[in-house]
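Structure record follows, encoded as structure tokens.
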Amino acid sequence: HILNAQVSIRAPCCKKWFDCPECHAEATDHELRKTNEMIFLCKKCKKAFRKDVNDYEDEDEFCPHCDNHYVVEAKTPVAALGVEGDDARMDSRMLKDERAKPQVSSVFDKDDYDGRLG
């Protein structure tokens, strides 16, 4: 749901870690219980920390252990149509060469047997 989640949040109802409330809703069969104290797990330093929602300030947007800024604008997946494969400018093996190739004559050409054989 959120591609750039910087922390996991521990659900107070089932004590499991989720990236977002939608992940909790898909994985469990109960409602997410609301609480004033949230427990986060930083994905950069892998350390847990608690934050009180009532006393939340601007400096609380950073992990207290590694200063990772975990309050960022969420990036969600977007459906798009495209061609699978690498960038053709970098690797052109997928492209067909449409240019005309010069005809190379061979000793095995059937058209000119009499002229070559004595």
- Message: Quick check on my filter: what residues within the range 11-31 are under 24 Å from residue 63 (Cα atoms) and either in a strand (DSSP E or B) or among the β-branched types (Val, Ile, Thr) (or both)?
- Response: 17, 18
- Between a first residue in the range 11-28 that is surrounded by 15 or more Cβ atoms within 10 Å (Cβ to Cβ) and a second residue that is among the charged types (D, E, K, R) and at pLDDT 90 or above, which pairs have beta carbons less than 6 Å apart while being 6 or more apart in sequence or on different chains? 17/10
- Residue match in the range 32-54 (condition: in a loop (DSSP other than H, G, I, E, B) and acidic (Asp, Glu)): no
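The values are calculated or read from the model by the stated rules, or taken from the named source; none is laboratory data. Bear in mind that the values here come from a model prediction, so they are computed numbers and not experimental data. Neighbour counts are summed over all protein chains in view; Cβ atoms, including those assigned to glycine, are modelled from backbone coordinates with ideal geometry.
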